[in-house]
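Before any comments, here is the structure.
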Amino acid sequence: MSAILDRARAQVLADGVGLDEAGVLEVLRSPDDDLSALLQLAHEVRMRWCGPEVEVEGIVSLKTGGCPEDCHFCSQSGLFTSPVRSVWLDIPSLVEAAKQTAATGATEFCIVAAVRGPDARLMAQMRDGVAAIRAAVDIQVAASLGMLTKEQVDELVEMGVHRYNHNLETCRSYFPNVVTTHSWEERWSTLTMVRESGMEVCCGGILGLGESVEQRAEFAAQLAALDPHEVPLNFLNPRPGTPLGDRPVVEGKDALRAIAAFRLAMPRTILRYAGGREITLGDLGTREGLLGGINAVIVGNYLTTLGRPANADLELLTELKMPVKALSATL
Amino acid sequence: MTAPEGRTGTPTGPVPWCDRCGEAAAQGDHRTCAAARALEPPRFCPDCRRRMKVQVVPTGWTATCVEHGDRHG
Ligand code: SF4
Ligand SMILES: [Zn+2]
Ligand SMILES: [Zn+2]
């Protein structure tokens, strides 16, 4: 076994101190022969510092498509010739989606909008939607509405939104290759306001955007510095009509190495399987990731693409003897 | 390519347009489209090629053509 795994065992598993950028890079460069030992170690770290529970979440798009930003991976940008059309979800359908999510045993329901940041109409829709969900469904509400002003952060807290997702998407040095209509620093400043408000910070990104292995390590270190409550890990699912529509998907072994490396960088975070796992890793990879550092899943469909049926993931969790985190444990 | 929908929105009879890429169903190779549709809702109406309004929710999706109505999956 390579020296980095010995070091990680002593530092991360025993002391709960995450690997730094250089350590993460060594992990990402570790040979295929070490992969199963690496995943086993990441799993032990997750069990020791997070426990066996898995946090289950459903997500829904409140406002789809027509976004003015140019994130090169995104089918919802209005600047590309993507076939995704603009559409709003009405409040009764939003509540129904929350109910169906809760019925799977999920404790988290994240409302997402394809916007640079919310306008008055979206904030009003959020206010009505969150109130309607809270009146009808026993589930925690999270939101992802782009960049916020301080006033909007305060409004979301007042509505009862307990967690805010805002992904940095990729490392600081690669970000300008992926997005030109806003900066990494603007995203960081929203995250800082969210943190200061007392809402839980959810921040991750997408692997496979064309970043180098070094930049993947840089990204893990930058996320570790932010210390988010949750890190959703997506793998690029190349979307027709977007600038990254022809990129290859991440190799399964590289995806698993990245999962383990991010866990070793952030031993205590909720590391969530998000979009792209189906095409990158398939059914087998979903299992390997859950035994390699992942401790949260998005069940069912994503925002514009479809996922595995929720019961396939839930049956897998039962088989792996990983209990779904209960609502009482999250309050 | 085939249509209109069964419960999953999978077309069941011949139709003119591919519901993923919007090109003529009888021309070109749409096997990649068909495979991708396992993890994507349709985007183009298979009857008229209009881009549909598609709402995905955790347990399903609805695709609406102004001319040909709703499809569900
Ligand atoms: S801001 Fe969000 S919705 Fe808009 S293009 Fe970027 S990723 Fe897509
Ligand atoms: Zn096609
Ligand atoms: Zn039509």
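So here's what we get for this one:
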| read-out | value |
| --- | --- |
| Pairs where the first residue, in the stretch A:285-309, is more than 14 Å from chain B (Cβ to nearest Cβ) and the second is among the charged types (D, E, K, R) and open to solvent by less than 10 Å² (accessible area, probe 1.4 Å), C-beta under 6 Å, 6+ apart | A:293/A:46; A:293/A:263; A:295/A:46; A:296/A:55; A:296/A:272 |
| Of all residues in the stretch B:37-46 being open to solvent by 20 Å² or more (accessible area, probe 1.4 Å) and either at pLDDT below 95 or away from ligand 2 (no atom under 12 Å from the Cβ) (or both), the one that is nearest to the other protein chains (Cβ to nearest Cβ) | B:39 |
| Helices (runs of 4 or more DSSP H) contained entirely in the stretch A:79-184, each with at least 3 residues that are open to solvent by less than 50 Å² (accessible area, probe 1.4 Å) | A:91-103, A:120-136, A:150-159 |
| Filter result (surrounded by 15 or more Cβ atoms within 10 Å (Cβ to Cβ) and either within 16 Å of ligand 2 (Cβ to nearest atom) or part of a loop (DSSP other than H, G, I, E, B) (or both)) within the stretch A:185-209 | A:199, A:203, A:204, A:208, A:209 |
| Residue in the stretch B:11-59 that is farthest from ligand 3 (Cβ to nearest atom), counting only those that are at positive phi and under 12 Å from the mean Cα position of the chain (by Cα) | B:22 |
| Sole exception among (1) of a type in the set (Asp, Glu); (2) open to solvent by less than 20 Å² (accessible area, probe 1.4 Å); (3) more than 14 Å from chain B (Cβ to nearest Cβ) for residue A:57, by number | (3) |
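The values are calculated or read from the model by the stated rules, or taken from the named source; none is laboratory data. The structure displayed is predicted, hence computed values, not measured ones. Counting neighbours? That spans all protein chains shown, and the Cβs are built from the backbone with ideal geometry, glycine included. When the accessible area is computed, the model is the full protein with side chains, heavy atoms only, and any ligands, DNA or RNA have been set aside. Shrake-Rupley method; radii C 1.70, N 1.55, O 1.52, S 1.80 Å.
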